[in-house]
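The values are calculated or read from the model by the stated rules, or taken from the named source; none is laboratory data. As the structure is a prediction and not an experimental result, all values here were calculated from the model. Counting neighbours? That spans all protein chains shown, and the Cβs are built from the backbone with ideal geometry, glycine included. Surface accessibility is based on the protein's heavy atoms, side chains included, excluding ligands, DNA and RNA. Shrake-Rupley method; radii C 1.70, N 1.55, O 1.52, S 1.80 Å.
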Amino acid sequence: MKLVFAGTPEVAVPALDALIASGRHEVAAVVTRPDAPAGRGRRLVASPVAERAAEAGIEVLKPVKPRDEQFLARLREIAPDCCPVVAYGALLPKVALDIPAHGWVNLHFSLLPAWRGAAPVQHAVMAGDEITGAATFLIEEGLDSGPVYGTVTEEVRPTDTSGDLLTRLAFAGAGLLAATMDGIEDGSLKAVPQPADGISLAPKITVEMALVDWAAPALRVDRVVRGCTPAPGAWTVFRGERLKLIQAALVTDRTDLAPGELSVAKNNVYVGTGSHAVELLWVQPQGKKPMRGADWARGVRIAPGERLGAADVR
């Protein structure tokens with residue numbers, strides 16, 4: 001088939017690579033988000049998908065909105081048979097959805113109908129799911145509600161961050177998306193409607209949602225830290241300033257600390273929760289680079305009884 005691939009971030013690149021390498025289909029063009037400011041200088045930078053497409057000599061389309069008439073006219077000229085999508089980042093209007101004969105087929109990083117929305121992997125980790133996966137489905141105007149072509153499952157490991165899990169799903173999903181294109185092309189694959197039950201939503205994780213509640217059980221604290229890593233980053237407050245929490249570990253034999261209360265040993269720093277303590281392995285103070293929790297604790301000279309989550313503790 002003639003394909004136009006739509007995607008933007010690094011997580012979409014393995015799927016693009018798989019389609020380019022398949023040899024069975026032609027990737028005629030790539031659709032991605034416009035260049036965005038990045039880095040200290042805030043200069044405009046092309047998306048990872050745009051850079052990979054340029055390396056491969058593939059035409060790159062960067063509409064400000066996918067309903068722009070110039071973009072739609074070019075898409076009609078290309079006349080793709082199907083448009084595979086991975087984390088494109090913009091809603092597709094019906095006028096665009098109707099152009100390819102086989103529609104737009106999305107690779108979504110959950111086992112639909114679970115975790116429909118922008119942040120399925122983060123929500124799976126934060127909810128404590130033991131199994132998740134990826135699914136390919138035909139895009140409709142509803143939110144991730146279209147019929148499913150195929151799925152692949154992936155275990156959520158006890159120490160997985162959302163970044164760890166998403167990386168594995170990106171590569172497993174790349175193979176699934178390529179196989180889905182093959183099945184659509186030879187007619188062996190038919191999309192099956194999603195069940196009406198088991199629907200859960202995965203909206204974008206906001207900074208407010210990433211604030212750690214130390215009164216929650218330790219297991220919940222650990223899931224929030226892992227689910228919000230690398231983005232947007234779990235955080236708390238220490239002496240009136242934000243402290244980013246990069247990595248924590250459960251400590252089941254410490255139940256003597258109040259929620260948020262800090263305890264410093266020679267090479268460890270512990271914090272109390274609503275159940276047992278967690279150890280702060282890696283943190284990032286405001287305006288500084290990531291550091292080991294024990295190094296941070298030595299540097300700030302934590303006073304007895306001092307807590308996280310309080311603006312000022314005496």
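Of all residues in segment 49-61, those satisfying the criterion of being farther than 21 Å from ILE139 by Cβ, out of contact with any Asp or Glu (no Cβ under 8 Å at 6 or more places or on another chain) and assigned to a helix (DSSP H, G or I) are GLU51, ALA54, GLU55.
Only one of the listed residues (GLY287, GLY260, GLY240) is at pLDDT 95 or above and either open to solvent by less than 50 Å² (accessible area, probe 1.4 Å) or more than 19 Å from VAL156 (Cα to Cα) (or both). That residue is GLY260. With the structure loaded, tell me whether PRO203 is open to solvent by 50 Å² or more (accessible area, probe 1.4 Å), in contact (Cβ under 8 Å) with a residue 24 or more places away in the chain, in contact with a Gly (Cβ under 8 Å, 6 or more places away or on another chain) and within 30 Å of CYS82 (Cβ to Cβ) or whether it fails that test. Against the criterion (open to solvent by 50 Å² or more (accessible area, probe 1.4 Å), in contact (Cβ under 8 Å) with a residue 24 or more places away in the chain, in contact with a Gly (Cβ under 8 Å, 6 or more places away or on another chain) and within 30 Å of CYS82 (Cβ to Cβ)), PRO203 qualifies. Just to be sure before I move on: is THR136 farther than 17 Å from PRO9 by Cβ, polar (S, T, N, Q), in contact with a helix residue (DSSP H, G or I) (Cβ under 6 Å, 6 or more places away or on another chain) and free of Cβ contacts under 8 Å to residues at least 40 places away in the same chain in the structure I sent? Considered against the rule, which asks whether it is farther than 17 Å from PRO9 by Cβ, polar (S, T, N, Q), in contact with a helix residue (DSSP H, G or I) (Cβ under 6 Å, 6 or more places away or on another chain) and free of Cβ contacts under 8 Å to residues at least 40 places away in the same chain, THR136 comes out as no. Suppose we filter segment 23-48 for residues that are open to solvent by 50 Å² or more (accessible area, probe 1.4 Å), touching a residue at least 12 places away in the same chain (Cβ under 8 Å) and outside any loop (DSSP other than H, G, I, E, B); how many remain? Here the count works out to 1. Candidates are the residues of segment 1-22 that are farther than 20 Å from ARG67 by Cβ and of a type in the set (Gly, Ala, Ser); the one that is surrounded by the most Cβ atoms within 10 Å (Cβ to Cβ) is ALA12. The set of residues in segment 159-202 that are closer than 29 Å to GLY233 by Cα and touching a Leu at 6+ places or on another chain (Cβ under 7 Å) contains only GLY173. Can you say whether ARG74 is basic (Lys, Arg) and open to solvent by 40 Å² or more (accessible area, probe 1.4 Å), as far as the supplied structure shows? Here the answer is yes, as ARG74 does meet what is asked. Only residues that are farther than 18 Å from ALA12 by Cβ, crowded, with 21+ Cβ neighbours inside 10 Å and of a type in the set (Gly, Ala, Ser) were counted in segment 115-133, giving 1. Annotation for segment 300-314: at least one member residue is crowded, with 17+ Cβ neighbours inside 10 Å, on the phi > 0 side of the Ramachandran plot and in a loop (DSSP other than H, G, I, E, B).
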